[in-house]
Structure formats: C-alpha cells, structure tokens
1. I want to confirm something. Restricting to the range 104-141 and keeping residues that are hydroxyl-bearing (Ser, Thr, Tyr) and either over 19 Å from Ala37 (Cα atoms) or modelled with pLDDT under 90 (or both), which single residue is surrounded by the most Cβ atoms within 10 Å (Cβ to Cβ)?
2. Given the options Ser45, Ser64, name the one that is closer than 17 Å to Ile150 by Cβ, at pLDDT 80 or above and surrounded by fewer than 18 Cβ atoms within 10 Å (Cβ to Cβ).
Amino acid sequence: MNSTTTKYGTALWLLLSIFACTHQEYAHFQDFKLFMAQEHRIDLSQTTDQIYYVIPVSSCNTCSSTTLNLELLDSKRHQSHKNQLTVILTGKINEPTHLKTINQLDASYNLIRDIGNRIEQYQTGISKPMLLHIQNGKVKRYFKINDPDIEAVGKYLESTLTTG
C-alpha cells in the first residue's frame, strides 16, 4: 500500500467517524422551525442550504462551552460565510465576557441575537450549543455540541463552508 492510498484511507476514516459518532435525528425540528418563523420571520421549509449554529451564551468566565464555540466560529471567520452560516446567540449576549468576540462574528456571519431568550418559550431542546444544517427544508446534519465535539464540528464547517 502506498502513501497516497494510506492518506485517502485515513481521510475517509476520519470523515466517517465524524459523521457516525455525531449524527442523530433532531426531534425538536418542528418547534425550532416555529421559533424561527414566529420570532425571526425565517421560513426554514424554504431554506435551500443554510447552517444554523445556536449558542446559549453564559456570563460565566470559567464555563468553557460558550467560549469554545465562539472561538471556533471566530477561527473560521470569512466574509463569504455570511450567506452560508447563521449564528443564533441566546441568553446573556450583552455581558462583557464575550462581547468583543460576538461583535467580530457579526461581520462574517448572519447573526441573530435572541436577547430576550425567546427560544426558551419553544420546545427546541436547546440547552447546549447546537448546529443544524438545513438543506431543502430538511435537516441534513445535526450536532448537539458538547465540549469534546468542538473539533468534529470545526471539521464539518471546514468541509461544508465555501470560501470564495
């Protein structure tokens, strides 16, 4: 076996493991669609290809989840991603802890600020960060993001978002 075959085999194994270990059905999609329609006037059934990255923002300086997810998005920032990825921030968005990073993300992504945390009024099942890739009105990929999953989500974004 030559090195090219080994590289392709390793890449294939990595992609399969990313998709296999994180893919699951998002049981609350209808409620999320309702939240998006009623609170933000976005009809997900008409969405052809868009990634939604929901981050519950905490004011906690020692809590890693918010920081890790914001840093991941900050590291992937590119102006051309504005039409591909929508970041939905819920909770304590105006707290100084994360405000600088949030303001930087605004230039690179569609940013929805759910300041009143209205998402909690819907049965979306979101208590941790979540990524939903919607294609043709249906969930193509879903990640409920725990801290150890950040790297897999980063790889998914790299493989999905186009720069150009």
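1. Among them, the one singled out is Tyr109.
2. Matching residue, one of Ser45, Ser64: Ser64.
The values are calculated or read from the model by the stated rules, or taken from the named source; none is laboratory data. Bear in mind the structure is a predicted one, so any value in this text is a computation, not a measurement. In this analysis, Cβ positions are derived from the backbone assuming ideal geometry, glycine residues included, and neighbour counts consider all displayed protein chains.
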